[in-house]
């Protein structure tokens, strides 16, 4: 691994994990409040929050690890474009995960809210 490859990988890794953690930080409090109200079991809330964080991190890491493929003799700008392309894939993967997770939580809320109303 050349210096440019290592630097590009490090940037993509840090930015990808940072994006996943920012998404988690932005949604954590409201998701915790929602789950506390609907689930009513502290261990369940903790489980869903930790699962959410792990899913975000694993998706970001999977995109980072499999993405950067540039020839060692490539110019610096090719590495920049490779990192930018990788970030695009990271955003796309996280967006898909957020949509799926939102769907699952919506179903969970709908089902448990109906049970709690009775």
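Quick note: the coordinates plus some simple rules give every number you see, no bench work behind them. Keep in mind the model is a prediction, meaning the values are calculated, not measured. Note that each Cβ is placed from the backbone with ideal geometry, even for glycine, and that neighbours are counted across all protein chains shown.
A few remarks follow.
- C-alpha long axis of helix 76-117 to longest principal axis of the chain, angle in °: 10 degrees
- Helix 42-67 and the longest principal axis of the Cα set of the chain meet at an angle near 20°.
- Relative exposure of 23, 105, 100, 90, judged by other C-beta atoms within 10 Å (fewest first): 100, 105, 23, 90
- Folded to 0 to 90 degrees: helix 3-38 orientation relative to the chain principal axis, Cα: 10 degrees
- Measuring nothing but how far apart in sequence close Cα pairs (under 8 Å, 6+ apart) lie, relative to its length, region 3-117 scores a relative contact order of 37 percent.
- Estimated from helical segments only, the mean residue ellipticity of the chain at 222 nm is -32000 deg cm²/dmol, where each DSSP H run of four or more residues counts as -39500 (n - 2.57).
- Computed over the alpha carbons of the chain, Rg followed by Dmax gives 18.4, 67 Å.
- Cα gyration tensor, region 39-83 - rounded (a/c under 1.5), prolate or oblate: prolate
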